[in-house]
Amino acid sequence: MARSFRIKVPASSANIGPGYDVLGIGLSLFLELNVTIDSSQAHETNDDPNNCKLTYSEDSEGFDSVPLQSDANLITRTALYVLRCNNIRSFPSGTKVHIHNPIPLGRGLGSSGAAVVGGVVLANEVGKLGFTRQRMLDFCLMIERHPDNITAAMMGGFCGSFLRDLTPQEIERREIPLAEVLPEPSGGENTGLVPPLPPTDIGRHVKYSWNPAIKCIAIIPNFELSTADSRGVLPKAYTTQDLVFNLQRLAVLTASLTMDPPDSELIYPAMQDRVHQPYRKTLIPGLTEILSSVTPTTHPGLLGICLSGAGPTILALATENFDDIAQEIINRFSKHNIQCSWKLLEPAYEGVIVEQQ
């Protein structure tokens with residue numbers, strides 16, 4: 001019997017000022033997977049070795065370059081890993097996945113995190129696995145080891161998260177699961193036959209409250225910045241002074257974003273950072289100037305400003321004057337010959353959503 005459903009996964013912004021690898025916010029910009037399973041249409045999926053026909057809407061980010069083979073696309077590769085962990089070798093006969101992706105790629109808005117979450121939820125649905133969100137989070141964290149984006153996309157809202165220490169028994173199988181579902185030669189011969197099940201409760205998180213008057217302005221430069229490159233400029237060690245600086249502000253920020261009315265004199269300084277932003281200025285022209293000169297004094301309504309994830313997107317939190325704030329940052333980027341777009345977003349409180357059709 002044919003069935004269809006839609007999966008909606010929010011974009012996310014991670015790090016949030018002093019919350020490097022800790023804080024994340026799910027945002028109201030959604031990766032959508034429209035899925036149909038109809039065995040009578042199996043002939044349309046014969047070109048794919050795993051019974052899955054992938055298509056993208058023409059206005060999707062990366063439409064011209066995204067892989068359409070199920071063992072090469074990040075979303076379906078992830079789904080195959082989860083299915084094979086549960087002794088299901090491929091998608092059900094006649095599976096079609098039509099994707100609409102408005103999340104910019106490589107810009108610090110959680111595009112890869114959304115793809116991983118979407119893939120795990122896709123597997124849970126097509127395989128009728130019945131996993132809880134917490135268990136699906138375990139599978140996600142086997143592939144994407146940084147929990148801030150992943151947790152915000154899966155659980156929604158404003159989250160703090162960490163990975164618990166795994167026991168020696170839990171890390172006995174050292175294979176990288178994603179590599180096990182890749183085609184040869186990337187995955188090697190006969191890979192993926194018995195992928196290791198993830199340990200349980202790898203990630204721990206808490207959802208903070210959020211004052212709904214606070215909106216998220218994402219200013220998105222027109223160049224990509226890989227997370228690996230952005231992490232490569234960070235130091236191997238930090239001074240006690242810099243770590244204490246971030247810890248103090250982290251403790252204040254999580255509470256200050258719940259307060260009504262929001263207090264820019266508290267939030268703005270609490271969003272300062274000494275762990276990652278100062279080192280990434282070499283990769284993002286104008287970053288230091290933007291973060292230091294766009295303030296609540298110069299732009300009423302602004303509460304705080306920071307790099308979104310690994311960048312280059314800038315995240316500004318504000319209660320009003322959204323256009324003026326965005327245009328000021330866009331103008332400052334333009335001085336470095338960088339063009340930008342911007343989006344006004346709100347927290348996606350529910351996280352990933354599955355709609356049966």
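I'd like the full set of residues that are touching a residue at least 24 places away in the same chain (Cβ under 8 Å) and either of a type in the set (Lys, Arg) or surrounded by fewer than 19 Cβ atoms within 10 Å (Cβ to Cβ) (or both), limited to region 300-309.
Going through region 300-309, the residues touching a residue at least 24 places away in the same chain (Cβ under 8 Å) turn out to be 301-309.
Matches in region 300-309: GLY301 only.
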Exercise. Hey, any hits in region 86-102 for a residue that's touching a residue at least 60 places away in the same chain (Cβ under 8 Å) and touching a Pro at 6+ places or on another chain (Cβ under 7 Å)?
Worked result: no
Problem set entry | Test set (1) in a helix (DSSP H, G or I); (2) in contact with a Gly (Cβ under 8 Å, 6 or more places away or on another chain) - ASN331 fails condition number | (2)
Seminar exercise, completed: Residue set SER13, SER65; condition without any contact (Cβ under 8 Å) to a residue 24 or more places away in the chain and either among the small types (Gly, Ala, Ser) or surrounded by 15 or more Cβ atoms within 10 Å (Cβ to Cβ) (or both); output residue SER65
Problem set entry | Residue list for region 68-92, restricted to those being crowded, with 17+ Cβ neighbours inside 10 Å, under 15 Å from THR55 (Cα atoms) and hydrophobic (A, V, I, L, M, F, W, C) | LEU74, ILE75
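Yes/no matrix, rows are residues, columns are (1) surrounded by 19 or more Cβ atoms within 10 Å (Cβ to Cβ); (2) at pLDDT 95 or above:
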| position | (1), (2) |
| --- | --- |
| ASP273 | yes, yes |
| GLY311 | yes, no |
| ILE325 | yes, yes |
| ILE329 | yes, yes |
| LYS335 | no, yes |
| CYS340 | yes, yes |
| ILE353 | no, yes |
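VAL275: part of a loop (DSSP other than H, G, I, E, B) and under 24 Å from ALA152 (Cβ atoms), yes or no? Walk me through how you get there before you give the answer.
Numbers: part of a loop (DSSP other than H, G, I, E, B): yes; under 24 Å from ALA152 (Cβ atoms): yes.
For VAL275, the condition - part of a loop (DSSP other than H, G, I, E, B) and under 24 Å from ALA152 (Cβ atoms) - is met.
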Exercise. If you take the residues in region 19-33 that are open to solvent by less than 40 Å² (accessible area, probe 1.4 Å) and hydrophobic (A, V, I, L, M, F, W, C), which one is farthest from PRO147 (Cα to Cα)?
Worked result: LEU33
Problem set entry | Checklist (1) in a helix (DSSP H, G or I); (2) farther than 13 Å from GLY19 by Cα applied to THR297, failing item | (1)
For this session: Go through the residues of region 45-58 one by one and say whether even a single one is touching a residue at least 60 places away in the same chain (Cβ under 8 Å) and in the same structural domain as ASN124 (by the TED database).
Result: no
Exercise. Quick one: which strands (runs of 3 or more DSSP E) sit completely within region 1-104 and have at least 3 residues that are closer than 30 Å to PHE245 by Cα and modelled with pLDDT of 95 or more?
Worked result: 3-14, 23-37
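Quick check, is ILE284 surrounded by fewer than 17 Cβ atoms within 10 Å (Cβ to Cβ), touching a residue at least 60 places away in the same chain (Cβ under 8 Å) and more than 27 Å from SER209 (Cα to Cα)? Break it down into steps so the answer makes sense when it comes.
On the way: surrounded by fewer than 17 Cβ atoms within 10 Å (Cβ to Cβ): no; touching a residue at least 60 places away in the same chain (Cβ under 8 Å): yes; more than 27 Å from SER209 (Cα to Cα): yes.
In short, no.
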Exercise. Can we say GLU320 is open to solvent by 50 Å² or more (accessible area, probe 1.4 Å) and more than 19 Å from ASP148 (Cβ to Cβ)?
Worked result: yes
Exercise. Is there any pair with a first residue in region 138-153 that is within 18 Å of TYR81 (Cα to Cα) and part of a helix (DSSP H, G or I) and a second that is among the basic types (Lys, Arg) and open to solvent by less than 10 Å² (accessible area, probe 1.4 Å) whose Cβ atoms are under 6 Å apart and which are 6 or more apart or on different chains, and what are they?
Worked result: none
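The values are calculated or read from the model by the stated rules, or taken from the named source; none is laboratory data. These numbers come from a predicted model, not from an experiment. Neighbour counts run over all protein chains shown; Cβ positions are idealised from the backbone, glycine included. Heavy atoms of the whole protein, side chains included, go into the accessibility calculation; ligands, DNA and RNA do not. Shrake-Rupley method; radii C 1.70, N 1.55, O 1.52, S 1.80 Å.
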